[in-house]
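See below for the structure under consideration.
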Amino acid sequence: TRVPCVPAGGGRVEVPRSVTAVLGQDVVLPCRYRAQEQEQVVQVTWLKRGPGTVPTEVAVLNLQHGEHVQEPFAGRVLRHGHGELEDGAIVLRN
């Protein structure tokens, strides 16, 4: 299953090619946006994609409204950082 991090502006997204998770432990899914001048990240949306399935919204990180995690992922997905959304990493628990 892939959870992509895609930019809507002209900056650059930096993500590792792959992330290894250990069953039963927490894992951080990094997503850093290198904004261009005058850009501000106001929202980060995480989607879960699987082969042959429609992408499912996992979480939305919003500068004004905070974070919202969809019900199937509640309690298992948390924002990793604080402050500006240029760091849009999330933590998958367990």
Considering only residues that are at pLDDT below 80 and either open to solvent by 80 Å² or more (accessible area, probe 1.4 Å) or farther than 9 Å from A35 by Cα (or both), look in segment 7-21 and name the one that is nearest to the chain's Cα centre (by Cα). P7
Can you pull out the residues in segment 50-84 that are under 21 Å from D26 (Cα atoms), modelled with pLDDT of 90 or more and either open to solvent by 80 Å² or more (accessible area, probe 1.4 Å) or assigned to a loop (DSSP other than H, G, I, E, B) (or both)? E67, H68, Q70, E71, P72, A74, G75, R76, H80
Search result, residues across segment 25-40 that are in a loop (DSSP other than H, G, I, E, B), more than 14 Å from I90 (Cβ to Cβ) and at pLDDT below 95: A35, Q36, E37, Q38, E39, Q40
Can you tell me which condition G24 does not meet? The list is (1) exposed (fewer than 11 other Cβ atoms within 10 Å of the Cβ); (2) at negative phi, and all the others hold. (2)
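The values are calculated or read from the model by the stated rules, or taken from the named source; none is laboratory data. From a predicted model like this one, the values you see are computed outputs, not experimental measurements. In this analysis, Cβ positions are derived from the backbone assuming ideal geometry, glycine residues included, and neighbour counts consider all displayed protein chains. Only protein heavy atoms, including side chains, enter the accessible area calculation; ligands, DNA and RNA are left aside. Shrake-Rupley method; radii C 1.70, N 1.55, O 1.52, S 1.80 Å.
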